[in-house]
Amino acid sequence: MNELKDLFPRGGANTAYAQFFIGQSYLNMLTTEGVAIGNVTFEPGCRNNWHIHHAKSGGGQILLCTAGEGWYQEWGKPARRLFPGDVVVIPAEVKHWHGAARDSWFSHLAVEMPGETTKNEWCEPVSNQEYGRLPL
């Protein structure tokens, strides 16, 4: 497992949201003005819980993958492997998770789409059994 060389500086340990992750993640908020953009870095095997970005209108999230290898999955659909340069558009109200591959660090920019009455709902963890079924 190689250390990650990322485009943006890695933030500190993501302690504010640690309860919603399996493994260690790091967060560097690049901006909170206008559109919130955070550089999220996942250690190998780290992933966030299933979650939903709710919004009365607008909302959702865009992931801009910048380094390493990771995964994204929407509820009821197959997981998608992610590489630097990949873009994932996540509409509001779609249950999903994202995180690192087992053998790679992973970073993405998380772009929070503006919307009306937005909030995040954290759901159940991605189990070791579910995660373990992903290909290497």
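The value obtained for the chain, namely the Cα convex hull volume divided by the number of residues, is 103 Å³ per residue. For the chain, relative contact order (Cα pairs under 8 Å, six or more residues apart, normalised by length) works out to 31 percent. How high is the FRET efficiency from residue 136 to residue 33, r the C-beta distance, R0 35 Å, rounded to 0.05? Taking R0 as 35 Å, the efficiency between residue 136 and residue 33 is 0.30.
Each Lys and Arg contributes +1 and each Asp and Glu -1, all at the Cβ; summed about the Cα centre of the chain, the dipole is approximately 200 debye. When you work out D = kT/(6 pi eta Rh) for region 1-75 at 10 °C and 1.306 mPa s, using the Kirkwood radius from C-alpha pairs as Rh and the Stokes-Einstein form, the result is 115 µm²/s. Say a site is exposed when it is one of the GluC sites (Glu not before Pro), sits in a DSSP loop, and has at most 11 other Cβ atoms within 10 Å; what is then the longest site-free stretch of the chain? It runs 34-136. Quick one: grab the alpha carbon gyration tensor of region 70-130, order the square roots of its eigenvalues as a ≥ b ≥ c, and give me rounded if a/c is under 1.5, else prolate or oblate depending on whether a/b is larger than b/c. Verdict is oblate for region 70-130. The alpha-carbon of residue 77 sits under 17 angstrom from the alpha-carbons of these aspartates and glutamates, leaving out residues fewer than 8 places away in its chain: 93, 124, 130.
Probing with 1.4 Å while keeping every protein chain in the model, the per residue accessible area of the chain equals 52 Å². Computed per residue of the chain from DSSP H runs no shorter than four, each worth -39500 (n - 2.57), the mean residue ellipticity at 222 nm is -500 deg cm²/dmol. By accessible area, using a 1.4 Å probe on protein heavy atoms only, the chain has 55% of its surface on carbon and sulfur.
If you place +1 on the Cβ of every Lys and Arg, -1 on the Cβ of every Asp and Glu, and leave all else neutral, what size is the dipole of region 74-114 about its Cα centre, to the nearest 20 Debye?
180 debye
Among 16, 135, 117, flag the residue with its Cα farthest along the positive direction of the charge dipole of the chain, charges on Cβ as +1 for Lys/Arg and -1 for Asp/Glu. Value computed over the given set: 135.
The values are calculated or read from the model by the stated rules, or taken from the named source; none is laboratory data. Computed from a predicted model, the values in this text were never measured in an experiment. Virtual Cβ from ideal backbone geometry, glycine too; neighbours counted across all protein chains shown. Surface areas here come from the heavy atoms of the whole protein model, side chains and all, with no ligands, DNA or RNA. Shrake-Rupley method; radii C 1.70, N 1.55, O 1.52, S 1.80 Å.
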